[in-house]
Amino acid sequence: VGNSPDVHPYCSPWYSWLVMWRPVAYFFQKSGNFGIIYDVHSMANPALLWLSTGAMGLLLGSVAWARLRRSSLPLPLPSTTLYIAVNYGVNLLPWLGISRCTFFYHYLPAYLFSILALALILETLLRPGKSWHRAIGLACLGVIILSFWFWLPIFLGMPLTPQGFSLRMLFRSWI
């Protein structure tokens with residue numbers, strides 16, 4: 001009983017999911033004379049996860065702020081904002097009280113709603129208007145696309161050199 005690497009090497013408490021501190025490694029193999037590595041991790045696109053976690057924080061903060069002030073939500077589409085916030089909570093909150101070993105993949109249903117929060121914010125930023133808003137939105141999309149391309153070998157188990165593998169394991173806890 002418990003939720004630490006002492007119980008299982010890939011156990012991770014719910015709060016670590018928000019930053020993907022401990023993804024689950026499904027497969028690892030070194031082969032050939034050059035030490036080519038094949039690795040499959042159950043992990044999210046890091047840039048997408050980190051940006052969507054921030055977006056969810058902004059969204060939840062705006063909902064809380066609006067409720068405290070008893071005013072309407074400052075974001076466009078208030079009913080959509082509330083829908084995303086409620087469903088994120090419904091999918092994450094039950095895990096807060098679980099004491100058994102949990103894994104990053106338990107976060108995936110809530111993660112979907114954090115991605116929707118990011119999409120809502122990016123849609124707002126990319127609307128015609130202030131050019132710096134648009135630049136921020138396009139920069140976020142660019143980082144997400146580059147991050148997906150960079151970590152694709154880990155998602156698909158494609159061959160990597162030891163250096164390529166090491167570059168993709170940003171934290172020691174990912175290995």
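The values are calculated or read from the model by the stated rules, or taken from the named source; none is laboratory data. Quantities reported herein were computed from a predicted structural model and do not represent experimental measurements. So basically every Cβ, Gly included, is an ideal-geometry build from the backbone, and we count neighbours across all protein chains shown. The area values use the complete protein model at the heavy-atom level, side chains included, leaving out ligands, DNA and RNA. Shrake-Rupley method; radii C 1.70, N 1.55, O 1.52, S 1.80 Å.
Points worth noting:
- Protein-only accessible surface order, largest first, of Arg134, Arg69, Arg168 at 1.4 Å: Arg69, Arg134, Arg168
- If you plug the beta carbon distance of Glu123 and Ser42 into 1/(1 + (r/R0)^6) with R0 = 30 Å, you get a FRET efficiency near 0.60.
- Cβ-Cβ distance of Ala64 and Leu138, R₀ of 45 Å, FRET efficiency by 1/(1 + (r/R0)^6): the value works out to about 0.95.
- Note on the chain: Cα convex hull, mean projected area over all directions, 12.0 nm².
- For Lys130, the accessible surface of its heavy atoms amounts to roughly 120 Å² (probe 1.4 Å, protein chains only, rounded to the nearest 10).
- Each Cα pair under 8 Å and six or more residues apart adds its sequence gap; the mean of these over the residue count of the chain is a relative contact order of 33 percent.
- Modelled FRET efficiency - R0 41 Å, Ser79 with Ser4, Cβ distances, 0.05 increments: 0.50
- Rounded to the nearest 10 degrees, the angle from helix 131-156 to the longest Cα principal axis of the chain is 30 degrees.
- Exposure of Leu96 as accessible area (Å², to 10), given a probe of 1.4 Å and all protein chains: 70
- Residue-level accessible surface for Thr161, protein heavy atoms, 1.4 Å, Å²: 70
- Helical contribution to [θ] at 222 nm, DSSP H n ≥ 4, -39,500 (n - 2.57), averaged over the chain, rounded to 500: -17500 deg cm²/dmol
- Stretching the chain fully between Leu152 and Trp21 yields a gain of 45.3 nm (0.36 nm per residue, less the alpha carbon separation).
- Those Cys residues of the chain for which no other cysteine Cβ falls under 4.7 Å: Cys140
- Dimensionless Rg over Rh [region 44-127; C-alpha; Kirkwood]: 1.01
- Viscosity 1.567 mPa s, temperature 4 °C, Stokes-Einstein D of region 1-48 from Kirkwood C-alpha radius, µm²/s: 103
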